[in-house]
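Novice: Submitted below is the structure of interest, expressed as structure tokens.
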Amino acid sequence: MGNIRLLDEQIANQIAAGEVVERPSSVVKELVENSIDAGATRIDVAIEEGGLGLIRITDNGSGMESDDCELAFSRHATSKISSSKDLFAIRTLGFRGEALPSIAAVSKLECITSSVDSGLGRKIVIHGGKVLEAGEVNAARGTEITVSELFYNTPARLKYMKTVQTELGHVSDYMYRLALAHPEISFTLSHNGNVLLQTLAGSDMLQAIAAIYGTAIGKQMIPVEANDLDYSIHGYISRTELTRSNRSGISLIINGRYVRNLALNAAILRGYHTLLPINRYPIVVLQITMDPTLVDVNVHPSKLEVRFSKENELMQFVETLIKSALGNQVLIPQAAAPALSKPTYVQEQLVLSRPAEPLPVYEETKRNESVQRPNKESYSYNYQSNTPVSNSTVSGTGRARSDLPYVPPAVTIRGVAEESRQFLAAPDATVPQFPSLAPIGQLHGTYLLAQNETGFYMIDQHAAHERINYEYYYDKFGTPTEASQELLVPLTLEFTPSEAGHIASKLPLLENVGVFLESFGGNSFIVRAYPHWFPAGEEKAIIEEMCEWLLSEKKGVELAKLREKSSIMCSCKASIKANQALSVLEMEVLLDRLSKCKNPYTCPHGRPIVVSFSTYELEKMFKRVM
């Protein structure tokens, strides 16, 4: 007698359950997705003990016919596909026909369903995969499935379940994603009788975001929308000051299905490039609609992972959309002000005197200042040569104008955001400009203080100069070899034996950014040439940092990444530091150069450059508004 035999159906169902039903959230996912496919406009989810004790899903969908109720709990029974061709154009959330029998195999399940409005329906009770009861029952149109004692007959699976709070967290997280994906449906989630989520049918995505994340976050979301021949994208992305410590705030919805995709996440983060601090992530909700033939959702039993036929095109499209949306915003965070707990009353102001002619905001502020500010007509500044036309000094500073901090000339970095605005923005849309600011002083030698008609601003002088330098050096590193100069006295670099071998293999990469190294015997290298625009006195330190970065990258280095890292290293070395006093003229030059940057709102490391206080916020602080 042979050794091969057919598995018992109950054992087969339990094995299948191991793939489909990993934890209580898997049960909720499969059953709620069935409710959505049934056309429900209201779905109520009630769980107890994190879902291990009880899961009840109630919907007002189309329900099932009496004959279909029992058949639905057979393996591979489905109404959503009929041929192999249907697998290449999936338009429903569920289709495998594995969920219901798999869930029933590892729990005590009761299903009550009705497809008519007569008040009659069908009830079926299954324990551990065995049908214990089936018959007619009074029921409203729709379906109610109750799953209790999950994994009661598979103690090994039950043993490895996490705490109640952990399992509840997984359930809540998925319900939040579904609410974002289907704001047209009313969802309710309760745990042990406490309501955790409640949305209204007919809402839009922003209302769903506000219901889940809070109204304050909803107000800081930026709408995005774009279409091309293959894809239609709409959703919301957070402003750069609104971040999280992990990627949990990113929700990707493909044809109404919440999915996880590392490539799409990477495209989103590239869209935020240099706008976020390290290890901080945005809140993003994107609904992407495409032809079902362009996406394969049948690559994993949980259907959370998908593959795209035109992945590179989609990644570029998403990155371009994010960059363009952020490029059309003034990304200056506002400082928090004390909240008012009483009705607002505006204090009346008595005008005791009025000048004959109103003075400009800047002049009025500086009117009584001991330092005499030169008239704008009395000097000019040559940005190309980085030297002032006049060599006169600024009174009270003791510093000649020729001592102004080095500010590179203007550069232009043509990016995908600029190229994409032609189809992402309306023809008459205008890109918000960096506000015109008049400097009024300096705080602790680190922050510039400025004002305009809308309020008060603080500017991190190092971060501002770093952004200016970054865009300058990034442009220069585009053609670095043309600017490389031979050294009369080469620089010498020392490495360990293993590091020397690694650096030797990266010499062509360094040459592409204008740095030419040669082996000098043993573990030494000499620097024969480097670009003449490297920050003076910092050349060796920068080249050493570039080599250290190459040594730290174990997965291979792209030229674009090396160009960017080198630009950041140079910009940091060349920038003015904290605790460095600046004259009024130097402040004006710095703010002028900052306003001409492609992105004047964050430094290359993603830290904010400018923080604003509106006039109204200042009035609240001083109780001028009560």
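Novice: Looking at I212, I222, can you tell me which residue is part of a strand (DSSP E or B), in contact (Cβ under 8 Å) with a residue 24 or more places away in the chain, outside the structural domain of M175 (by TED's automatic domain parsing) and buried (at least 16 other Cβ atoms within 10 Å of the Cβ)?
Specialist: From the options I212, I222, the qualifying one is I222.
Novice: Okay, moving on. Return yes when T274 is more than 10 Å from the chain's Cα centre (by Cα) and assigned to a helix (DSSP H, G or I) and no when it is not.
Specialist: no
Novice: Applying the selection to segment 588-626, what residues are over 25 Å from I278 (Cα atoms) and of a type in the set (S, T, N, Q)?
Specialist: Across segment 588-626, the qualifying residues are S614, T615.
Novice: If you scan segment 447-461, which residues turn out to be within 18 Å of S583 (Cβ to Cβ) and surrounded by 21 or more Cβ atoms within 10 Å (Cβ to Cβ)?
Specialist: Scanning segment 447-461 gives L448, A450, I459, Q461.
Novice: Select from segment 472-516 the residues that are among the β-branched types (V, I, T) and free of Cβ contacts under 8 Å to residues at least 40 places away in the same chain and list them in ascending order.
Specialist: Of the residues in segment 472-516, the ones among the β-branched types (V, I, T) are 479, 481, 489, 492, 496, 503, 513, 515.
Those that are among the β-branched types (V, I, T) and free of Cβ contacts under 8 Å to residues at least 40 places away in the same chain: T479, T481, V489, T492, T496, V515.
Novice: Pull up segment 78-94, narrow it to residues that are at pLDDT below 65 and in a loop (DSSP other than H, G, I, E, B), then point me to the one that is farthest from T154 (Cα to Cα).
Specialist: A89
Novice: Turning to a different aspect of this structure: Among the helices (runs of 4 or more DSSP H) confined wholly to segment 95-194, which include 2 or more residues that are crowded, with 18+ Cβ neighbours inside 10 Å and on the phi < 0 side of the Ramachandran plot?
Specialist: Working: elements: 99-105, 155-159, 164-181.
Those helices (runs of 4 or more DSSP H) span 99-105, 164-181.
Novice: Here are S552, S498: which of them is within 35 Å of the chain's Cα centre (by Cα), modelled with pLDDT under 90 and over 30 Å from K596 (Cβ atoms)?
Specialist: S552
Novice: Return the total of residues in segment 454-484 being of a type in the set (D, E, K, R) and over 18 Å from L331 (Cα atoms).
Specialist: First pass over segment 454-484, keeping only residues of a type in the set (D, E, K, R): 460, 466-467, 471, 475-476, 482.
Those left that are additionally over 18 Å from L331 (Cα atoms): 475-476, 482.
Residues that pass the stated criteria total 3.
Novice: In segment 230-250, is there at least one residue being surrounded by 19 or more Cβ atoms within 10 Å (Cβ to Cβ), touching a His at 6+ places or on another chain (Cβ under 9 Å) and either more than 24 Å from V611 (Cα to Cα) or in contact (Cβ under 8 Å) with a residue 24 or more places away in the chain (or both)?
Specialist: Within segment 230-250, none of the residues are surrounded by 19 or more Cβ atoms within 10 Å (Cβ to Cβ), touching a His at 6+ places or on another chain (Cβ under 9 Å) and either more than 24 Å from V611 (Cα to Cα) or in contact (Cβ under 8 Å) with a residue 24 or more places away in the chain (or both).
Novice: When the residues of segment 195-209 are filtered to those that are surrounded by 17 or more Cβ atoms within 10 Å (Cβ to Cβ) and β-branched (V, I, T), which remaining residue is nearest to T243 (Cα to Cα)? Working first, answer last.
Specialist: Step one: of segment 195-209, the residues surrounded by 17 or more Cβ atoms within 10 Å (Cβ to Cβ) are 197, 199, 203, 205, 208-209.
Retained after the next criterion (residues that are β-branched (V, I, T)): 199, 209.
On the way: T199: 24, I209: 15 Å.
Selected residue: I209.
Novice: While we're here: Report, by residue number, each residue of segment 566-611 that is outside any helix (DSSP H, G or I), in contact with a Pro (Cβ under 9 Å, 6 or more places away or on another chain) and either outside the structural domain of S552 (by TED's automatic domain parsing) or over 19 Å from R270 (Cα atoms) (or both).
Specialist: Within segment 566-611, S575, I576, Q580, L582, I609, V610, V611 qualify.
The values are calculated or read from the model by the stated rules, or taken from the named source; none is laboratory data. As the structure is a prediction and not an experimental result, all values here were calculated from the model. Neighbour counts are summed over all protein chains in view; Cβ atoms, including those assigned to glycine, are modelled from backbone coordinates with ideal geometry.
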